[in-house]
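Reading through the structure tokens given below for one structure.
The values are calculated or read from the model by the stated rules, or taken from the named source; none is laboratory data. Fair warning: this is a prediction, and the values are worked out from it, not measured in the lab. Counting neighbours? That spans all protein chains shown, and the Cβs are built from the backbone with ideal geometry, glycine included. Accessible surface areas use protein heavy atoms only, side chains included; no ligands, DNA or RNA. Shrake-Rupley method; radii C 1.70, N 1.55, O 1.52, S 1.80 Å.
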Amino acid sequence: MSIFGSTGTIGVNTLKVLKNSDIQIECLAVNKNYELLNEQIQEYKPKLVFANKDILHLIKHKEAYDINELERHFASLKSDGIVNAIVAFAGLKLSLLTQKYNKKLYLANKESLLVAGKFLDTSKISPIDSEHSALAALLRSVAYPKKITITASGGTFFKQEDCKNLKAKDALKHPNWQMGAKITIDSATMANKLFELVEAKHLYKDLELDALIEPSSLIHAFCECKNNSITAYFSVPDMKLSIANALFKEDSKAHCNALDLLKIKNLSLYEIDEKKYPIYSLKNELLKNLDLGVIINAANEVYVEKYLKDECGYYDIYYAIMKALDKFCTCKIDTIEDVFTIDNKVRGFLNG
């Protein structure tokens, strides 16, 4: 197996899950964290590594290559599966390469499906997100599913009345999960949940879709059947379980702590407030026209980066998305090249 984004939260936890298995790590890839990569090289003995060219000279491996040269080496990879834990739009190329060479795609990069789901074969994708991992487990165990509902924690700002003046440093203090900066901001704005619904639209066709806030992150998904019964997926918030479910489906090993039901004091569900989380108000329009995902994602990435640098406010991310939609919503996406073209145009427009 090869792991791209091995020093991020998903990559680190994937290596922990695989540590005592008989799966060999063929390749590790990172952007900048060469210190942790060097530790992983020493422990897991990959055959080759990829990284940003600026840090190649700091990597302690005789076969270290520029990540931009990945396509030249990809055909020679013997890995049966590729874990795509690259952050944001940058992960799309890896998803496309993985499927081009007929390898199993273990997907943590939700942007791949958000912007290019119609160009990917979802039958060869195993999702790593906790919500989609839970949905996959539920759908393997229930008959006649009708509706699936994923949950959100509400993010860092769930208890805040007004998010207008809250800064990125406040948003990065997620109450339940340890995640990278980008996805933590997306959780605070509910963009993450919007994107996960698009993932579900591609992965679980012909089912009704919804999302709710469950602040404890103990319930990850619900499945409602045609007989109106509802099954819920409970676990402690630990990505190792989601990763193991994606890699092995359900197995007999304990990959996280047990959930003590007697210690659960309150479980509450809430609708997602579209005034507090205006990005989520785009749900119906986006699910009807999935091509809008390219525009929404590009605008979101540009302005999340600005928000992280304190160059814009919380609601400015939503305003930028609407500005981009007004400009580009009539664009047609007929080829995968169109995805890259429109993404580039949106970024240029908002950075211009």
Ignoring ligands, DNA and RNA, please state the percent of accessible area on the chain from carbon and sulfur, probe 1.4 Å. 48 percent
Plugging the Cβ-Cβ distance of LYS169 and LEU287 into 1/(1 + (r/R0)^6) at R0 = 22 Å yields, to the nearest 0.05, a FRET efficiency of 0.10
Extended-chain gain in nm, criterion 0.36 nm per residue less alpha-carbon gap, PHE248 and LYS327: 24.1 nm
Alpha carbon centroid spacing (whole Å) that separates region 176-208 from region 307-352: 18 Å
Percent of beta bridges antiparallel (DSSP, the chain, rounded to nearest 5): 30 percent
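What is the diffusion coefficient of region 153-202 in µm²/s, taking the Kirkwood radius over Cα pairs and the Stokes-Einstein relation at 25 °C with a viscosity of 0.890 mPa s?
Values: Rh = 11.3 Å.
Translational D for this selection: 218 µm²/s.
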Any idea of the accessible area per residue across region 54-169, 1.4 Å probe, to the nearest Å²? 46 Å²
Any lysines whose Cα falls less than 21 Å from that of LYS226, other than same-chain ones fewer than 8 residues away, would be LYS146, LYS147, LYS201, LYS205
